[in-house]
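Have a look at the structure below, then the notes.
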Amino acid sequence: MKREEKNQQTQRRIMDSALAEFAEKGYGGSSVNTICAAQGISKGIVYHYFENKDELYLACVEECFQRLTAHLSAALPEEDAGSAEDQLGRYFSARMAFFQENPIYQSIFCEAVISPPTPLAEEVRARRKAFDTLTVSTLERLLRRLPLRSDITTEEVVDLFRQFQDFINAQNQSPAIPAEERFVHRDAQCRKLLTVLLYGVTERGE
């Protein structure tokens, strides 16, 4: 086996163990010792590839958002197709499908979005930037299909959605919501929020 291939396999073992640890315990409750023990890897080997726990955590966050963004980009059509509601449904369905197929990333995504480790908050935001950009561009494409009021701009709607989303994220930190339910709860709230934001709360005619 070539050295490069062996290095890749070792890094993958470390990442798989770290993903499992961070997904189960979050950043604060995780330990490099446990990550090493799960795969029978020495701490020296881990620190050869990753400077410290922070770098390993950020690598897991980056992988999560890279794969999610790639999945959404492939699942969503390049051309606007169907109604705004159809587009909204496709976006959230594609997101849900990704996490159903890759449950290991669900908790890591939630922590990165809802309550990133304070010392790493800026670096976490940097690693989810492509995902955030895709989400905003999807919303902007959706808004182009709708007749906005003359006194409201697309930028204002996007900013308002972000403000409401921050509120939803704060709510989902509540210990009253089991950790395994937070993602589904948050996504359902975000989807309902967008529907209300776009169409109001009154019953629509045909």
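Each value in this text was obtained by applying a stated rule to the coordinates, not by laboratory testing. The structure presented is a predicted model; accordingly, all values stated were derived computationally and were not measured. Note that each Cβ is placed from the backbone with ideal geometry, even for glycine, and that neighbours are counted across all protein chains shown.
Side notes on the structure shown:
- The chain, helix-only ellipticity at 222 nm - DSSP H runs n ≥ 4, -39,500 (n - 2.57), divided by all residues, nearest 500: -24500 deg cm²/dmol
- Sites matching GluC sites (Glu not before Pro) across region 1-58 that sit in DSSP coil, with at most 15 neighbouring C-beta atoms within 10 Å: 51
- Between the alpha-carbon centres of region 1-74 and region 122-136 there is a gap of 20 Å.
- Cα-based helix-to-principal-axis angle, 53-75 vs the chain, degrees rounded to 10: 40 degrees
- Counting only alpha carbon atoms, the long axis of helix 154-171 and the longest principal axis of the chain meet at about 50°.
- Shown for the chain: lysine pairs separated by 8 or more places, or found on different chains, whose C-alpha atoms are under 24 Å apart, numbering 8.
- Site pair residue 25 and residue 154 shows an inter-label distance of 4.6 nm when each label is modelled 7 Å from Cα along Cα→Cβ.
- Cα pair distances of region 120-160 binned at 10 Å [whole percent]: 26, 42, 23, 9, 0
- Of the residues 72, 19, 193, the one that moves most in a GNM of the chain with alpha-carbon contacts below 10 Å is 193.
- Loop-resident trypsin sites (Lys or Arg not before Pro) (DSSP state other than H, G, I, E or B) in region 140-171 with no more than 14 further Cβ atoms inside 10 Å of their Cβ: 144, 145, 149.
- Computed on the Cα atoms alone, the convex hull of region 1-46 gives a volume of 64 cubic angstrom per residue.
- Overall, the ratio between the Cα radius of gyration of the chain and 2.2 N^0.38 Å, rounded to two decimals, is 1.17.
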